[in-house]
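The values are calculated or read from the model by the stated rules, or taken from the named source; none is laboratory data. Computed from a predicted structure; not experimentally measured. All Cβ positions, glycine included, derive from the backbone under ideal geometry; neighbour counts span all protein chains shown.
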Amino acid sequence: MNFLKTSSGFFLAMILAACVLIFNSCYKEQALIVDADFGVTVINDDYSVPVSVKIENLTTGADTYRWTFEGAEPASASTKAPGTLSYTKPGSYTIRLEATNSYGGKDTCSFRLVIDPVIIPLFKVNNLQSWYPEVTVHIENKTMGATTWEWTFEQGIPETYSGEQPGHVVFKSPGPHLIRLKAGNGREFYTKDTTITVLPDLVNNFEISWESADNDMQVPFTAVLQNKCISATHYEWSLSGGTPPAATTPQPTVVYNSPGVYTITLKASNDKKTTSTSQTITLLPDKNLYTFTDVRLGINTAQNSIGCYFSAIDGRVLRSNEINATNGSRVDFAFFGLNSSFTRNRFVSPHQVQDYTFAAIPGAVSTRTLNKQENCNCNGLSPAEFDDITEGRQLSFISLSANDESGEFDSSRLPRIVLFSTADGRRGAIKVKEYTSAGLQSYIVCDVKIMKQQ
């Protein structure tokens, strides 16, 4: 019995000892295994230098770590969590981890990281000619760090292009045109825009103008050619029959001394195009007569609104506030009207206007007037005879003395013919044909005929 008890205890102890040995053996084998692993995250998913990379250690079973970071800062580490790496140069780099433990376990893991160069989209637009249509430009791509290039040319020929150097692009229509480059490396892209402006197309046009003294279109006639071209840089004028017969300035002046029909031709050009246009002008023989119809002259209270001064050379009525040292000597006569009832009226010599509520005229000349032919025993002029005057010589009979200048008139006679002669010997006549009562802005309407020269 004792033997059996002793044997049973011995065998039980042996079994327990074997189980302990087996358990300890399994535990030590599991603890020796090291599984090296880590995750790599590129911050902001930006692979173009400078690049920041975050390392997440996923290793199991290790208690020591040896990191190697090729091309990065830092270049190595021995901590479990190395943190963030920085790359400042493009290239292909290896991140390597060697993990171990105190039981002799060891494992390695590596990762290949490609860092891209920074993408700087850049191009130059070269135009060897002008910006007048059509425009051909050469695109010079100077982009850095890209491996793909997508181009867009608004209203260009071509409108799109894929490749590094698009070469020549043609723009035909005037206005702004967007040029866009989308440069990338397969993972990211950047764009650059620039706008070119094609100038308006060539338009050939001009106007013929002249001084009011030439409104009768009689020779001698001086024409001012006003260039109205668009996008022209060179001008060739053909002025046959005029002086000069040709010109190359933008706005020449030409004089015609003989009556006739004249053709004026302008050939306008730029470095892309040339066009021609012509106009004709008909000039009449010189009749030595200025004729003005429906001339309004205000009473004295309308001298700064309607005006009371008349200049044949300027071809218009002048207001008091327009009279100056330059045009004062060109005033042929003034009209004085006392009130809107037209009870006292007269045409006044420019050198005497200060006696009739007007300011003195700088450089005023002397003009003799005959306001009331009915008070004069002299050769007169009837309204019908006035209407028949077509040449200046028909006014040569007028001869006025200082004694003829007196007299005022009212509105009782209509039409009324007033004769005058200027200090330089030109003779003229005024036909008053209407009195318009409008308060302070009352006025008369008249026709005027005056010699161009003595």
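Within the group Asn205, Asn215, which residue is over 27 Å from the mean Cα position of the chain (by Cα) and among the polar types (S, T, N, Q)?
Numbers: Asn205 fails: over 27 Å from the mean Cα position of the chain (by Cα).
Result: Asn215 is the single residue among Asn205, Asn215 that is over 27 Å from the mean Cα position of the chain (by Cα) and among the polar types (S, T, N, Q).
Taken over region 246-275, the criterion of being closer than 20 Å to Ser209 by Cβ and in a loop (DSSP other than H, G, I, E, B) is satisfied by Thr248, Thr249, Pro250, Gln251, Pro252, Asn257, Pro259.
Any residue at all in region 65-79 that is in contact with a strand residue (DSSP E or B) (Cβ under 8 Å, 6 or more places away or on another chain) and either outside the structural domain of Arg96 (by TED's automatic domain parsing) or within 20 Å of Arg187 (Cα to Cα) (or both)?
Start the filter on region 65-79 by keeping residues that are in contact with a strand residue (DSSP E or B) (Cβ under 8 Å, 6 or more places away or on another chain), which leaves 65-79.
Still in the list and also either outside the structural domain of Arg96 (by TED's automatic domain parsing) or within 20 Å of Arg187 (Cα to Cα) (or both): none.
Looking through region 65-79, none of the residues is in contact with a strand residue (DSSP E or B) (Cβ under 8 Å, 6 or more places away or on another chain) and either outside the structural domain of Arg96 (by TED's automatic domain parsing) or within 20 Å of Arg187 (Cα to Cα) (or both).
The residues of region 361-406 that are hydrophobic (A, V, I, L, M, F, W, C), out of contact with any Gly (no Cβ under 9 Å at 6 or more places or on another chain) and farther than 18 Å from Ala429 by Cβ amount to a single one, Ala402.
Would you confirm, using the coordinates I've provided, whether Ile157 is touching a strand residue (DSSP E or B) at 6+ places or on another chain (Cβ under 6 Å) and surrounded by 15 or more Cβ atoms within 10 Å (Cβ to Cβ)? Write out each step before concluding.
On the way: touching a strand residue (DSSP E or B) at 6+ places or on another chain (Cβ under 6 Å): yes; surrounded by 15 or more Cβ atoms within 10 Å (Cβ to Cβ): no.
Spelling it out, it is not the case that Ile157 is touching a strand residue (DSSP E or B) at 6+ places or on another chain (Cβ under 6 Å) and surrounded by 15 or more Cβ atoms within 10 Å (Cβ to Cβ).
Name every residue in region 181-205 that is closer than 30 Å to Ile115 by Cβ and of a type in the set (Val, Ile, Thr), in order of residue number. Across region 181-205, the qualifying residues are Thr191, Thr194.
I'd like to know if region 153-171 contains one or more residues that are of a type in the set (A, V, I, L, M, F, W, C), under 26 Å from Thr265 (Cβ atoms) and in contact with a Lys or Arg (Cβ under 8 Å, 6 or more places away or on another chain). The answer is no; no qualifying residue exists. The residues listed here are Ser340, Ser305; of these, the one that is loosely packed, with under 15 Cβ neighbours inside 10 Å and assigned to a loop (DSSP other than H, G, I, E, B) is Ser305. Residues of region 382-410 being at pLDDT 95 or above, in a loop (DSSP other than H, G, I, E, B) and of a type in the set (A, V, I, L, M, F, W, C), which ones? Result: Ile389, single match. In this structure, is Ser366 out of contact with any helix residue (DSSP H, G or I) (no Cβ under 8 Å at 6 or more places or on another chain) and not assigned by TED's automatic domain parsing to the domain that holds Glu211? When the stated conditions are applied, Ser366 does not pass them. Number of residues in region 149-191 that are assigned to a loop (DSSP other than H, G, I, E, B), of a type in the set (Lys, Arg) and more than 25 Å from the chain's Cα centre (by Cα) equals 1.
Yes or no, residue by residue, for (1) assigned by TED's automatic domain parsing to the domain that holds Asp216; (2) within 23 Å of Ala223 (Cα to Cα); (3) hydroxyl-bearing (Ser, Thr, Tyr):
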{"position": "Ala268", "(1), (2), (3)": "yes, yes, no"}
{"position": "Asp271", "(1), (2), (3)": "yes, no, no"}
{"position": "Ser278", "(1), (2), (3)": "yes, yes, yes"}
{"position": "Val295", "(1), (2), (3)": "no, no, no"}
{"position": "Ile299", "(1), (2), (3)": "no, no, no"}
{"position": "Ala302", "(1), (2), (3)": "no, no, no"}
{"position": "Ser305", "(1), (2), (3)": "no, no, yes"}
{"position": "Cys308", "(1), (2), (3)": "no, no, no"}
{"position": "Leu318", "(1), (2), (3)": "no, no, no"}
